[in-house]
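Novice: Sharing a structure below in structure tokens format, with a few things to ask.
The values are calculated or read from the model by the stated rules, or taken from the named source; none is laboratory data. Here the structure is a predicted model, which means the values were calculated and not measured. Glycine also receives a Cβ, built like all others from the backbone with ideal geometry; neighbour counts cover every protein chain displayed. Calculation scope for accessible area: heavy atoms of the full protein, side chains included, ligands and nucleic acids excluded. Shrake-Rupley method; radii C 1.70, N 1.55, O 1.52, S 1.80 Å.
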Amino acid sequence: MTSNTFGTLFRFTTYGESHGHMLGCVVDGLPPRIPLIEDDIQICLDKRKPGQSKYTTQRHESDTVKILSGVFEGVTTGAPVGLMIKNEDARPKDYSDIADKFRPGHADYTYFKKYGVRDYRGGGRQSARETAMRVAAGAIARKVLVHRLGQEVIIRGALVQIGPHKIDRANWDWKELERNQLFCPDAKASEIWGKYLDGVRKSGSSTGAIIEVVAEGITPGLGAPIYGKLDADIASALMSINAAKGVEIGSGFATAAMTGEDNADEMRMGTNGNVEFLSNHAGGILGGISSGQPIVARLAIKPTSSILRPKKTVNIHGKDTEIVTKGRHDPCVGIRAVPVAEAMLSIVLADHLLRHQAQCSA
């Protein structure tokens, strides 16, 4: 199976399956002498790990990360950094009764048609369990950004919509994310979402969501024209996340209804001698290159395909049948996808920073 590596200079390769022995990751291209300990990675993994609320899968995994290589006396050596997370609560038997059935909405059918074999234990590599290692790699990417830029970099995400229910942006408060289990920046919306998800969960169904990720503290100049655009790589990274079905940068699809006057991010010279923008419809990227404004992206996450309600399907023998997916699944996979989106944005930015410095630094 190819395409398990992401990135150009900062790059990582993941391995392991949902119900296998472990998950692993190799991060390569790291500059030496960057401070790194397991706690730097664990703090990000703890945001993503399952079983933290009734609104996520009840699979119990500590997602405890171990650094296996590439770090000596608390700093990177320039060698590949090897990471490992053991699967502690794998239950492959949960899937034995659907071993010959394709789950609608999953990649079971397409994997089988491509490879002639599939891992039916939670989907194997197609499972969102794989994203734990992306979050681990993203934590290291954050360290690269701060170390190489020499300034604070804030990369954070929030849910702005669950099902049909959107937040009120006038109520946006980043601190609210610490007070609820839904990564919701709007206290009033989080109450509505909780009641809505209770109904979805009890009915055995699922719902979709929209995630917004923002990066602040990124300097101008990251990205390249034409085929190396920063926004193109961000879109690719976010679309690689399980269940992602759409990505927009800045005002995105809303710009189609704007006039040129509305959409233009006008500029003025600031008191500190730097250019200041009067709006940010571009999402911090112009011509594929960062402008120094906050980088803003959103991604749409489809409803979890594994639900308790019966669905029509076919089996590997070409027979019509029905399926009910048992096991432990998120009623809204978008909740735990927030730290994954943060990680993928961090990785793209770290990669482009190293690429920029390699070409343009004096």
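Novice: Any residue in segment 20-47 that's within 11 Å of residue 67 (Cβ to Cβ): show its pairings with residues that are modelled with pLDDT under 95 and open to solvent by 30 Å² or more (accessible area, probe 1.4 Å) at Cβ separation under 9 Å, as long as the two are six or more apart or on different chains.
Specialist: Filtered contacts from segment 20-47: 25/15; 38/64; 42/64.
Novice: Then there's this: Tally up the residues in segment 112-144 that are in contact with a strand residue (DSSP E or B) (Cβ under 7 Å, 6 or more places away or on another chain), open to solvent by less than 10 Å² (accessible area, probe 1.4 Å) and closer than 18 Å to residue 333 by Cα, please.
Specialist: The qualifying residues number 2.
Novice: Only helices (runs of 4 or more DSSP H) wholly contained in segment 183-296 count here; list those with 3 or more residues that are more than 20 Å from the chain's Cα centre (by Cα). Even if it seems obvious, please write down each step before you answer.
Specialist: On the way: elements: 187-202, 230-239, 260-263.
Answer list for segment 183-296: 187-202, 260-263.
Novice: Quick check: anything in segment 245-258 farther than 20 Å from residue 163 by Cβ and open to solvent by 60 Å² or more (accessible area, probe 1.4 Å)?
Specialist: yes
Novice: Additional query: Take the residues in segment 1-26 that are at pLDDT below 95 and open to solvent by 60 Å² or more (accessible area, probe 1.4 Å), then tell me which one is nearest to residue 110 (Cα to Cα).
Specialist: 1
Novice: Which of the residues belonging to segment 181-197 are free of Cβ contacts under 8 Å to residues at least 24 places away in the same chain and either charged (D, E, K, R) or surrounded by 18 or more Cβ atoms within 10 Å (Cβ to Cβ) (or both)?
Specialist: The first filter runs over segment 181-197 and keeps only residues free of Cβ contacts under 8 Å to residues at least 24 places away in the same chain, leaving 186-188, 190-191, 195.
Correct list: 186, 188, 190, 191, 195.
Novice: Can you name the condition, by its number, that residue 108 falls short on among (1) open to solvent by less than 10 Å² (accessible area, probe 1.4 Å); (2) of a type outside the set (Gly, Ala, Ser); (3) touching a residue at least 24 places away in the same chain (Cβ under 8 Å)?
Specialist: (3)
Each row is one residue, and each column tells you yes or no for (1) closer than 26 Å to residue 304 by Cα; (2) open to solvent by 70 Å² or more (accessible area, probe 1.4 Å); (3) modelled with pLDDT of 95 or more; (4) more than 17 Å from the chain's Cα centre (by Cα).
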position: 28; (1), (2), (3), (4): no, no, yes, yes
position: 39; (1), (2), (3), (4): no, yes, yes, yes
position: 49; (1), (2), (3), (4): yes, no, no, no
position: 53; (1), (2), (3), (4): yes, no, no, yes
position: 60; (1), (2), (3), (4): yes, yes, no, yes
position: 73; (1), (2), (3), (4): no, yes, yes, yes
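Novice: Checking residue 261 against (1) in contact with a Gly (Cβ under 9 Å, 6 or more places away or on another chain); (2) farther than 24 Å from residue 334 by Cα: exactly one of these is not met. Which one?
Specialist: Status for residue 261: all satisfied but (1).
Novice: Take the residues of segment 294-310 that are at pLDDT 90 or above and open to solvent by 30 Å² or more (accessible area, probe 1.4 Å): which is farthest from residue 203 (Cα to Cα)?
Specialist: 294
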